[in-house]
Amino acid sequence: MAGLNRNKLKDLLRHWPRGTVAVHAWLESQGIYRQLADSYVDSGWILPVGRGAFVRAGDQVDWLGALYAVQQQLGQHVHVGGKTALALHGSGHFLSMKVRGNLASSGGSVWLFSTSGHALPAWLLRGDWGVTFRVARLALLIPDATDGIEHLDVGHAGGFTIDVSSRERAILEVLHLVPHKQSFEEGQLLMEGLTTLRPSLLQSLLVRCRSVKTKRLFLYLAEAAGHPWLRRLDISTIDLGSGKRVIVKGGAFDPKYQITVPRQAYHSSREVG
């Protein structure tokens, strides 16, 4: 290999965070065009993990490092959300999936939330990352915004961050998926563990939330859990809409929030209250 190419390789490896994928667009921004990238592959310095995506030879890359490339290099508006975000923040202790290790346990699901109609790259969705990606495309806030999305440090030796919902936004995402993609019972368990949410951020998110069902269910479960931060919310500024909402068919009707919930959950919450 020519000396110039070796110097370019050294520069590339210096700027390439360990534990992450690199895509063609980012390689080109580093002066590594396709022909040169192909030569690095042929020489065994980098390895392809799908069309237009590569890892460093000998590097350990999990789904976090793959998602980093989608967010930071491709610039796609997708973030980790829902119960996966809660688990990353340490609020999902009963979940069976190991999310911080090099690989999640076999068969684990990772929830991604996207606000755009662009398809995620096939190398991400079909890659051998040890997880199954579940993608929800929704605009939860008005206007579509990044409120409540945080940069979480998940890097290995080199260090890198990914975009993850805060706990306040993540629980709204969980409840938005109830009951079709998320069970009421799991949503309730997750809510019970959220004792230290930030009222100011919650207030902003609830005011801008598009889903009446999600807001009503959030307030219902927060009240049932007896969380002290609930008293610091100004419910009068939150649009709870009109009419009834059926969360679970055949359940019990709660007259305060005008929602139908599982009978067992309704009785237990009112007994506590």
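Residues that are in contact (Cβ under 8 Å) with a residue 24 or more places away in the chain and either of a type in the set (S, T, N, Q) or not in a loop (DSSP other than H, G, I, E, B) (or both) within segment 116-133 comprise Ser116, Ala122, Trp123, Leu124, Val131, Thr132, Phe133, listed in sequence order. Output yes when any residue across segment 209-216 is over 23 Å from Thr115 (Cβ atoms), in contact with a Ser or Thr (Cβ under 9 Å, 6 or more places away or on another chain) and either charged (D, E, K, R) or crowded, with 17+ Cβ neighbours inside 10 Å (or both), and no when none is. No, every residue in segment 209-216 fails to be over 23 Å from Thr115 (Cβ atoms), in contact with a Ser or Thr (Cβ under 9 Å, 6 or more places away or on another chain) and either charged (D, E, K, R) or crowded, with 17+ Cβ neighbours inside 10 Å (or both).
For segment 170-196, residues that are touching a residue at least 12 places away in the same chain (Cβ under 8 Å) and in a loop (DSSP other than H, G, I, E, B) total 9. May I ask you to list the residues in segment 166-191 that are within 19 Å of Leu64 (Cβ to Cβ) and in contact with a Phe, Trp or Tyr (Cβ under 7 Å, 6 or more places away or on another chain)? Across segment 166-191, the qualifying residue is only Glu173. Here is the figure for segment 37-49: residues that are buried (at least 17 other Cβ atoms within 10 Å of the Cβ) and not β-branched (Val, Ile, Thr) total 3.
From the list Gln35, Gln71, the lone residue that is closer than 30 Å to Leu189 by Cβ and either outside any loop (DSSP other than H, G, I, E, B) or among the charged types (D, E, K, R) (or both) is Gln71. Applying the criterion of being touching a Lys or Arg at 6+ places or on another chain (Cβ under 8 Å) and at pLDDT below 50 to the residues of segment 96-126, the residue that is nearest to Gly65 (Cα to Cα) is Ala104. Scanning segment 50-69 for residues that are out of contact with any helix residue (DSSP H, G or I) (no Cβ under 7 Å at 6 or more places or on another chain), surrounded by fewer than 18 Cβ atoms within 10 Å (Cβ to Cβ) and in contact (Cβ under 8 Å) with a residue 60 or more places away in the chain yields one hit, Gln60. Give segment 186-208 a look and list any residue that's of a type in the set (Gly, Ala, Ser) and surrounded by fewer than 21 Cβ atoms within 10 Å (Cβ to Cβ), or say none. Passing the criteria: Gly193, Ser200, Ser204.
The values are calculated or read from the model by the stated rules, or taken from the named source; none is laboratory data. Computed from a predicted structure; not experimentally measured. Neighbour counts are summed over all protein chains in view; Cβ atoms, including those assigned to glycine, are modelled from backbone coordinates with ideal geometry.
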